[in-house]
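Novice: The structure under discussion is supplied below as structure tokens; questions concerning it will follow.
What follows is calculated from the coordinates using simple rules that are stated; it is not laboratory data. Predicted, not measured: the structure shown is a model, and the values here were computed from it. Virtual Cβ from ideal backbone geometry, glycine too; neighbours counted across all protein chains shown.
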Amino acid sequence: MSDKSSADIPSRRKFLGAAGLAGAGVALGARPLKAQDAPKPDPLITEVQDWNRYLGEGVAKRPYGMPSKFEKHVARRDVSWLTAVPESSVSFTPLHELDGIITPSGLCFERHHGGIAEINPADHRLMINGLVDRPLVFTMDDLRRMPRVNKIHFLECAANSGMEWRGAQLNGCQFTHGMIHNLMYTGVTLKTVLDEAGLKPNAKWLMLEGADASGMNRSLPIEKALDDCMLAFGMNGEALRPEQGYPLRAVIPGWEGNIWVKWLRRIEVGDMPWQTREETSKYTDLLANGRARWHTFVMDAKSVVTNPSPQAPLRHKGRNVLTGLAWSGRGTVKRVDVTLDGGRNWRTARIDGPVLEKSVVRFYVDFDWNGQELMIQSRAMDSTGYVQPTKDELRKVRGVNSIYHNNGIQTWLVRSTGEAENVEIG
Ligand SMILES: Nc1nc2c(c(=O)[nH]1)N[C@H]1C(S)=C(S)[C@@H](COP(=O)(O)O)O[C@H]1N2
Ligand SMILES: [Mo]
């Protein structure tokens, strides 16, 4: 802005004061304002504000742009009692502060078993060995010179909503559903890399291994590896963040987050699953009868209303926007239904924005709130016809001993004050 236009402002202000308000009266009701019901002048309109008076900071003062200082509350959070140490823990995406389908890079939930590995890409290697014709080692530069692809996918930790198996516990969708992010990945297909090494006929399973202090590893069946998996070095148009596995991570669309090995350094090709610690002692679903479900890779259809929710109460009567996210590891989301009265009436939500395979969709219900109590739920249906179950339907099949794969319908009670609570309908 030039100095001259700043100097012009007082006269423009006078003009608004004299003519602008009178004009507003006409527009509102076409009746003259009486003295007693004339609106109080709003200083935010009638006074020149500092940001309007003074020049702002110049270009390139912020070499890497950050959110406005008024957005400080938009942050990842953890739950202190959940884990013993922060190096093997989880932080949650603030879903109630976000919109659209892409999770901002700095707000992605993190799940580390041995802290964040800080790896110079020049020092990173990816080895492929085992049942291959040519064991290979790739540098990051090698990978960047192979044919590149871009895909948008969600990653959900199998433990998302895992604290809710025995009943409503955590007050906020950030904590009940925030172990998910949805990013645009750039990289190469896993198939490209495997083809280069040449799979032996008896190649059936891969073992993916991370370079972090936990050396986390998981088994991946070859059919999935050749289907739609990626080795990603980019997210949301730039390099992966260290938290997300910089410089290289596995992208295993629709499958539980644990298999998306970060800081990926080795792929061993074998003829059977490895039974790594991750997949035997953890990421296994203990059933009521003492048996366990093993290799439950796919994340079933699920949804959550992000607003209103306990961290995002209703503040206004009348016009309101309800919004949320839905996803399915088996394909696309076909439909999301929402109830405001605990399931008596359902309406189909409006999905807005891209509907992609194994990606979240954004849904909306525009509604009027007259201050009555609400019991809000959302229910997703995916392209296979699968309908998101209630929590009780899930418990009937799976008991309550598990931590993993809780995709039951979430209920928020909104009180007449607008405050919202995590509840279950009995
Ligand atoms: N090397 C390595 N890969 C890993 C992990 C890890 O601790 N080390 N955590 C796994 C788990 S349990 C999940 S849910 C996802 C989390 O990915 P994020 O941190 O990008 O959210 O990464 C997976 N990949
Ligand atoms: Mo996880």
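Novice: With the crude spin-label approximation of a point 7 Å out along Cα→Cβ, what separation in nm comes out for residue 295 versus residue 350?
Specialist: 4.5
Novice: Could I have the simple spin-label model distance between residue 415 and residue 370, label points 7 Å from Cα toward Cβ, reported in nm to one decimal?
Specialist: Calculated label separation equals 2.2 nm.
Novice: Okay, next question. If the viscosity is 1.002 mPa s and the temperature 20 °C, what Stokes-Einstein diffusion coefficient in µm²/s follows for segment 298-423 when Rh is the Kirkwood radius over Cα pairs? Could you put the intermediate results ahead of the total?
Specialist: On the way: Rh = 14.9 Å.
The estimated diffusion coefficient comes to 144 µm²/s.
Novice: Pick out which of 295, 153, 181 has the largest mean-square fluctuation in a Gaussian network model of the chain, springs linking Cα atoms closer than 10 Å.
Specialist: Fluctuation is largest for 295.
Novice: A follow-up question, please. Count neighbours as other Cβ atoms within 10 Å of each site's Cβ, and list the trypsin sites (Lys or Arg not before Pro) in segment 48-135 that are DSSP loop with at most 12 such neighbours. Don't jump to the answer; show the numbers that get you there.
Specialist: On the way: sites: 53, 61, 69, 72, 76, 77, 111, 125; in loops: 61, 72, 76.
In loop regions of segment 48-135 (DSSP not H, G, I, E or B), the sparsely surrounded trypsin sites (Lys or Arg not before Pro) are 61, 72.
Novice: Now for a different question. Rank the residues 416, 383, 80 as a footprinting-exposure proxy: fewest other Cβ atoms within 10 Å of their Cβ go first. Display every interim value, and only then the final one.
Specialist: Details: 416 12, 383 15, 80 8.
The most exposed by this proxy come first: 80, 416, 383.
Novice: Using only Cα atoms, what is the ratio of the radius of gyration of the chain to 2.2 N^0.38 Å?
Specialist: Values: Rg = 25.9 Å, N = 426, 2.2 N^0.38 = 22.0 Å.
For the chain, the normalised Cα radius of gyration comes out at 1.18.
Novice: Helix-derived [θ] at 222 nm for the chain: sum -39500 (n - 2.57) over DSSP H runs of at least 4, divide by residue count, nearest 500?
Specialist: Working: 10 runs with 66 residues, N = 426.
Mean residue ellipticity at 222 nm (helix-derived): -3500 deg cm²/dmol.
Novice: Taking the Cβ of each residue in 45, 252, 101, 116 as the centre, tally the other Cβ atoms inside 10 Å and list the residues starting with the fewest. Can you show the working numbers first?
Specialist: Working: 45 13, 252 27, 101 21, 116 18.
Ranking 45, 252, 101, 116 by Cβ neighbours within 10 Å, fewest first, gives 45, 116, 101, 252.
Novice: What is the list of residues in segment 123-160 whose amide nitrogen lies under 20 Å from a point 7 angstrom out from the Cα of residue 400, following Cα to Cβ?
Specialist: Hits in segment 123-160 for residue 400 at 20 Å: 159-160.
Novice: Still on this structure, please answer the following. Which trypsin sites (Lys or Arg not before Pro) in segment 340-401 sit in a loop by DSSP (not H, G, I, E or B) and have at most 10 other Cβ atoms within 10 Å of their own Cβ? Write out the running numbers ahead of the final one.
Specialist: Values: sites: 344, 347, 350, 358, 362, 379, 391, 395, 396, 398; in loops: 344, 358.
Listed in order of number, the matching sites are 344.
Novice: Return 74, 132 ranked ascending by Cβ neighbour count within 10 Å, so the fewest neighbours appear first.
Specialist: Values: 74 15, 132 18.
Neighbour counts put them in this order, fewest first: 74, 132.
Novice: Please compute the Kirkwood hydrodynamic radius over segment 103-262, one decimal place, Å, based on all pairs of different Cα atoms. It would help to have the intermediate numbers written out before the result.
Specialist: Working: mean 1/r = 0.0606 Å⁻¹.
Computed over Cα pairs of segment 103-262, the Kirkwood hydrodynamic radius comes out at 16.5 Å.
Novice: Per 0.36 nm of contour for each residue apart, how much would the distance between residue 271 and residue 142 grow if the chain were fully extended, relative to their Cα-Cα spacing? Each step should come with its number before you reach the end.
Specialist: Details: separation 129, 0.36 × 129 = 46.44 nm, distance 2.72 nm.
Once the chain is fully extended between residue 271 and residue 142, it gains 43.7 nm.
Novice: Also, quick follow-up: Step by step: find N for segment 368-426, compute 2.2 N^0.38 Å, then divide the Cα radius of gyration by it. What's the final number?
Specialist: Numbers: Rg = 14.1 Å, N = 59, 2.2 N^0.38 = 10.4 Å.
Taking N as the residue count of segment 368-426, the ratio is 1.37.
Novice: Which shape class applies to segment 150-243: rounded if a/c is under 1.5, otherwise prolate when a/b exceeds b/c and oblate if not, where a ≥ b ≥ c are the square roots of the Cα gyration tensor eigenvalues?
Specialist: Numbers: a/c = 2.37, a/b = 1.69, b/c = 1.41.
The shape class here is prolate.
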